[in-house]
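Worksheet: one structure, shown below.
The values are calculated or read from the model by the stated rules, or taken from the named source; none is laboratory data. Please read these numbers as outputs of a predicted model, since none were measured by experiment. Don't worry about glycine lacking a Cβ; one is built from the backbone with ideal geometry, like all the others, and counts go over all protein chains shown.
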């Protein structure tokens with residue numbers, strides 16, 4: 001077994017292409033109050049949204065950069081383009097045929113048409129700052145399910161947006177949530193009426209496609225009483241040498257008895273900073289699941305959280321991360337037990353390849369008087385290669401004696417003995433490493449719909465290409 | 001293929017010296033094995049038996065300092081373990097690794113396709129696997145378990161036998177396959193080997209104890225001490241060890257305990 005010769009991960013980045021797009025409007029780099037007013041005006045937004053954006057801007061300017069987590073010192077906010085408007089007519093009745101050819105070409109390369117044909121229930125693809133295509137299957141429309149890009153959602157249902165927007169993640173929450181509030185564009189807006197169970201997953205794909213373009217999508221999902229939905233987003237990002245910033249905000253509200261699963265598969269290009277705030281609220285007997293895979297990017301900081309606000313609520317957080325050379329995945333999850341008899345389960349699995357670093361960062365909080373809460377945390381880290389790093393930061397704030405908290409953590413290295421064993425059965429060194437890595441992630445793969453499991457496998461293999469010589 | 005180097009034998013080991021990491025262990029091993037033959041290497045702990053098995057299969061923790069190993073006409077010394085497997089060499093491990101999340105059937109199909117340079121479909125392989133498992137009287141559920149994960153000692157050894165059955169090697173090396181097994185488990189595993197044996201296949205059994213040899217009936221028995229083969233004989237040699245232990249042979253060759 002020879003020492004693995006490293007090549008830059010981006011060399012084989014399958015999604016590192018760039019199709020030609022025309023922009024109707026492309027803001028100059030940098031952020032000013034005027035730009036924010038301009039964005040809001042171009043989007044014909046209500047006054048209250050402009051106020052929110054300006055509040056976000058003020059918070060952003062005064063908030064310090066986080067001093068913990070990943071190294072963000074290379075981000076230059078003055079170099080980033082905060083708003084782009086692709087050149088096509090928006091039309092909420094668009095079908096796939098109406099999508100411009102060069103965009104189709106783009107989607108084809110990330111496998112969208114298949115996903116669309118196979119189990120499309122509604123698709124909302126974000127192309128840079130705007131959604132180009134949004135469609136909802138007739139049956140659900142009849143049941144009152146709303147699924148739009150966020151801009152359209154705001155236009156069509158300003159009352160619902162106003163009621164929930166920023167309630168879980170106010171602009172003052174952190175510097176990047178503030179930035180998102182100031183310049184957000186696109187993202188998904190979903191409302192599922194009481195009792196409606198959406199059988200097939202709703203899907204959206206995102207990508208950053210212009211040099212230095214920030215991507216600041218804003219997603220708001222409200223699942224009403226006893227309703228059910230599964231939302232999936234997949235992300236890829238093309239090749240550029242300069243740093244791009246992705247800073248999304250996602251708010252999920254699960255009303256009494258509702259079930260909401262949010263699945264993310266991300267494979268950002270290795271220059272992207274991926275700094276995302278995701279938070280949800282689970283009312284009485286509601287269940288919220290965050291399923292999160294973070295691959296690629298230069299640095300990711302993301303800790304999906306669930307605020308367990310009603311008795312009997314359950315949170316499930318699955319955080320999977322793979323870090324290649326010079327990448328840092330600082331990920332995990334938070335469960336805040338703010339009602340009695342609430343339960344949470346956090347499963348974190350990470351793989352650091354040679355020269356990569358994964359950090360698990362998680363918080364379990366139980367408020368005083370919140371009796372009989374239970375939480376299970378399981379963190380497994382696999383290190384592959386001599387310079388792989390992995391660390392864990394499990395925070396616990398347990399203020400009630402009746403809480404039952406279980407925490408298990410394992411760290412393992414891909415052992416020479418395991419590799420020898422598999423190779424003695426005829427597997428090549430690369431096959432053997434893949435076998436071990438996919439085995440490690442098997443449990444997670446099983447939670448994904450078939451098409452996404454296939455895509456996920458491909459993403460992980462792509463990550464491995466940079467580390468298997 | 002030059003007959004001068006491997007003398008036409010399936011496995012030909014000549015003047016082999018080597019060890020684990022920096023420690024020299026083997027001090028000159030000569031051995032030849034052919035199809036249809038059962039050879040047994042016996043020796044006390046630390047005699048170098050398992051080192052020989054690991055060097056044969058290409059464990060990267062072990063090294064060769066001198067000598068050659070030929071298998072089916074090919075020089076093994078520099079080949080990767082997977083290349084040796086493709087030539088038809090199989091090692092049943094003393095301590096098989098556990099690989100979480102990898103199901104037996106998926107793994108076995110990958111291994112089969114790799115060793116046989118084939119690409120059998122899931123369905124076709126499932127049938128093949130079922131037949132092999134029936135032959136070995138193994139429960140169907142075994143195929144969907146994760147590779148060796150949480151297996152008992154006996155189950156791990158049976159897993160090795162199933163792998164051997166699927167890969168159909170030309171030469172099977174059994175490294176202390178009998179260790180840690182109670183008498184029933186030992187019998188089951190030994191019977192598996194006998195079922196898999198065929199006139200083309202050679203078997204090299206490495207063991208401390210004679211008991212597995214009651215089932216496997218070796219044609220040739222060797223005694224290894226301090227990195228050398230110090231005595232050769234037939235099945236009677238194993239019986240002699242059973243009666244007398246290893247001390248008489250130490251005395252005979254003039255080695256201290």
| message | For the stretch B:33-150, give me every one of the helices (runs of 4 or more DSSP H) that falls completely inside it and has 2 or more residues that are farther than 29 Å from residue A:412 by Cβ and more than 17 Å from the chain's Cα centre (by Cα). | response | B:122-135
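Based on what the data block shows, is residue B:73 surrounded by fewer than 19 Cβ atoms within 10 Å (Cβ to Cβ) and more than 14 Å from chain A (Cβ to nearest Cβ)?
The answer is yes for residue B:73.
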| remark: Subset of the stretch B:85-98, residues out of contact with any strand residue (DSSP E or B) (no Cβ under 7 Å at 6 or more places or on another chain) and more than 7 Å from chain A (Cβ to nearest Cβ), comes to B:95, B:98
| Filter result (crowded, with 16+ Cβ neighbours inside 10 Å and within 12 Å of chain A (Cβ to nearest Cβ)) within the stretch B:114-128 | B:114, B:115
| task | Looking only at the stretch A:258-273, count how many residues are at pLDDT below 95 and assigned to a strand (DSSP E or B). | result | 8
| message | Between A:442, A:461, which is under 22 Å from residue A:358 (Cα atoms) and within 13 Å of chain B (Cβ to nearest Cβ)? | response | A:442
| field | Sole exception among (1) without any contact (Cβ under 8 Å) to a residue 12 or more places away in the chain; (2) more than 14 Å from chain A (Cβ to nearest Cβ) for residue B:142, by number | value | (1)
| note | When (1) within 27 Å of residue A:291 (Cβ to Cβ); (2) facing chain B (nearest Cβ under 9 Å); (3) surrounded by 18 or more Cβ atoms within 10 Å (Cβ to Cβ) are applied to residue A:390, the one that fails is (2)
| remark: residue A:337 meets each of (1) free of Cβ contacts under 8 Å to residues at least 60 places away in the same chain; (2) over 26 Å from residue A:270 (Cβ atoms) with one exception, condition (1)
| query | Which residues, counting only those in the stretch A:402-421, are part of a helix (DSSP H, G or I) and either at the interface with chain B (Cβ under 7 Å from one of its Cβ atoms) or within 25 Å of residue A:344 (Cβ to Cβ) (or both)? | reply | A:416, A:417, A:418, A:420, A:421
| query | Does residue B:166 satisfy being in a helix (DSSP H, G or I), buried (at least 19 other Cβ atoms within 10 Å of the Cβ) and more than 14 Å from chain A (Cβ to nearest Cβ)? | reply | no
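Results for (1) under 32 Å from the mean Cα position of the chain (by Cα); (2) surrounded by 18 or more Cβ atoms within 10 Å (Cβ to Cβ); (3) more than 17 Å from residue B:85 (Cα to Cα), shown as yes or no for each residue.
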| site | (1), (2), (3) |
| --- | --- |
| A:411 | yes, no, yes |
| A:419 | no, yes, no |
| A:422 | no, yes, no |
| A:426 | no, yes, no |
| A:430 | yes, no, no |
| A:438 | yes, yes, yes |
| A:442 | yes, no, yes |
| A:447 | yes, no, yes |
| field | In the stretch A:422-447, the residues that are in contact with a helix residue (DSSP H, G or I) (Cβ under 7 Å, 6 or more places away or on another chain) and assigned to a loop (DSSP other than H, G, I, E, B) | value | A:424, A:425, A:426, A:427, A:428, A:441
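Could you say whether any residue in the stretch B:175-191 is within 14 Å of chain A (Cβ to nearest Cβ), more than 29 Å from residue B:120 (Cα to Cα) and in contact with a helix residue (DSSP H, G or I) (Cβ under 7 Å, 6 or more places away or on another chain)?
Let us first name the residues in the stretch B:175-191 that are within 14 Å of chain A (Cβ to nearest Cβ), namely B:175.
Remaining after also requiring more than 29 Å from residue B:120 (Cα to Cα): B:175.
Checking the rest, the ones that are also in contact with a helix residue (DSSP H, G or I) (Cβ under 7 Å, 6 or more places away or on another chain) come to B:175.
Yes - at least one qualifying residue is present in the stretch B:175-191.
Per-residue answers, yes or no, for (1) within 14 Å of chain A (Cβ to nearest Cβ); (2) in contact with a helix residue (DSSP H, G or I) (Cβ under 9 Å, 6 or more places away or on another chain); (3) surrounded by fewer than 18 Cβ atoms within 10 Å (Cβ to Cβ):
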position	(1), (2), (3)
B:14	no, yes, yes
B:20	yes, yes, yes
B:25	no, yes, no
B:29	no, yes, no
B:46	no, no, yes
B:53	yes, no, no
B:62	yes, yes, no
